[in-house]
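Here's the structure, in structure tokens; my notes come after.
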Amino acid sequence: MLGAMSELDTNNIPNHVAIIMDGNGRWANNRGKDRVFGHMNGVDSVRAAVKTAVKVGVKNLTLYAFSTENWIRPQEEVNALMDLLITTLVNESEELLEQGVKLSTIGDLSALPEKCQTSLNKAVLSNPKEYKLNLTLALNYSSKWEITSAVKAIIASGMKASDVTEKAISNHLATAGTPDPELMIRTSGENRISNFMLWQLAYAEFHFSSVLWPDFREEHFIEALIDYQNRERRFGGVSQQGN
Ligand code: IPE
Ligand code: IPE
Ligand code: MG
């Protein structure tokens with residue numbers, strides 16, 4: 001059954017939801033189109049996810065848009081993804097602002113084409129001071145890159161081994177300052193995390209949806225939230241439900 005807004009417990013909305021947006025290529029292939037067509041249609045799903053997050057009160061939404069591994073894809077696909085990023089930022093900036101969305105990124109942006117970096121900087125500079133949603137795009141991101149960078153930064157800072165706490169490590173990750181996600185959603189039926197937020201997802205609930213990303217809409221997001229609300233989070237303790 002698909003999720004209906006009325007079934008949501010408004011007192012138990014995750015503060016941070018992270019999404020691995022997967023299945024664009026297969027969605028396009030199913031229609032006899034090339035993979036880029038799937039990516040283009042995936043933008044509608046991004047819009048829907050942002051709208052839903054704002055509507056239900058999710059404060060942080062992180063979307064995995066391009067991994068450090070995705071560079072091995074055909075050059076035309078990589079180019080199209082970078083172009084799509086630029087056009088989407090240009091087309092959606094105003095709407096994001098109106099909805100009270102602040103944009104941020106995680107990942108090594110220095111490897112992105114100059115034009116992408118310029119568009120991202122421009123979008124980030126026009127962020128609202130007060131916002132309802134912190135939308136983070138993971139671009140040229142991978143968790144192993146992020147943890148390696150954190151270790152390098154910690155060593156470079158001259159920190160003593162005895163000062164290397166979990167908090168210190170968190171503070172050196174790209175996500176520093178943002179609470180860890182309580183819920184991770186992956187679309188397209190793949191049950192893996194593909195180098196995404198390995199540290200931050202340590203105690204997240206996972207929701208794997210068979211829906212391909214370009215088909216993902218509000219009802220699928222709500223379905224994931226309801227699934228999350230039906231989980232018992234134990235954090236290493238014992239069940240409170242008497243089981
Ligand atoms: C997700 O869809 C988008 C990116 C990884 C950029 P895919 O392009 O991975 O689609 P599938 O998994 O091949 O169907
Ligand atoms: C994960 O999807 C990366 C993004 C969604 C950006 P992939 O499609 O690249 O993951 P794998 O290769 O199937 O694990
Ligand atoms: Mg994929």
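The values are calculated or read from the model by the stated rules, or taken from the named source; none is laboratory data. Predicted, not measured: the structure shown is a model, and the values here were computed from it. All Cβ positions, glycine included, derive from the backbone under ideal geometry; neighbour counts span all protein chains shown. Remember, those area values only see protein heavy atoms, side chains included, never the ligands or the DNA or RNA. Shrake-Rupley method; radii C 1.70, N 1.55, O 1.52, S 1.80 Å.
Close contacts from the stretch 67-91, counting a first residue that is under 17 Å from residue 111 (Cα atoms) and a second that is open to solvent by 80 Å² or more (accessible area, probe 1.4 Å) and within 16 Å of ligand 3 (Cβ to nearest atom), with Cβ to Cβ under 8 Å and a gap of 6+ residues or different chains, come to 77/35; 78/71; 84/40. Among the residues that make up the stretch 208-231, is at least one of them assigned to a strand (DSSP E or B) and either within 15 Å of the chain's Cα centre (by Cα) or within 21 Å of residue 7 (Cβ to Cβ) (or both)? Scanning the stretch 208-231 turns up at least one residue that is assigned to a strand (DSSP E or B) and either within 15 Å of the chain's Cα centre (by Cα) or within 21 Å of residue 7 (Cβ to Cβ) (or both).
Among the residues of the stretch 227-243, just one is surrounded by 17 or more Cβ atoms within 10 Å (Cβ to Cβ) and in contact with an Asp or Glu (Cβ under 6 Å, 6 or more places away or on another chain), namely 228. If the condition is being free of Cβ contacts under 8 Å to residues at least 24 places away in the same chain and touching a strand residue (DSSP E or B) at 6+ places or on another chain (Cβ under 8 Å), then the stretch 100-139 contributes only 124. Whether any residue in the stretch 23-41 is open to solvent by less than 70 Å² (accessible area, probe 1.4 Å), under 12 Å from residue 213 (Cβ atoms) and outside any helix (DSSP H, G or I) is what I want to check. Yes, there is a match, as at least one residue in the stretch 23-41 is open to solvent by less than 70 Å² (accessible area, probe 1.4 Å), under 12 Å from residue 213 (Cβ atoms) and outside any helix (DSSP H, G or I).
If I filter the stretch 181-197 for residues that are away from ligand 3 (no atom under 16 Å from the Cβ) and open to solvent by 40 Å² or more (accessible area, probe 1.4 Å), do I get at least one hit? Within the stretch 181-197, not a single residue is away from ligand 3 (no atom under 16 Å from the Cβ) and open to solvent by 40 Å² or more (accessible area, probe 1.4 Å). Looking only at the stretch 15-68, residues that are within 11 Å of ligand 1 (Cβ to nearest atom) and among the polar types (S, T, N, Q) come to 6 in all. Would you check which residues across the stretch 63-102 are closer than 23 Å to residue 37 by Cα and part of a strand (DSSP E or B) and list them? Residues satisfying the conditions are 63, 64, 65, 66, 67. Of the residues contained in the stretch 105-128, one or more are found to be surrounded by 14 or more Cβ atoms within 10 Å (Cβ to Cβ), part of a strand (DSSP E or B) and either within 17 Å of the chain's Cα centre (by Cα) or within 16 Å of ligand 3 (Cβ to nearest atom) (or both).
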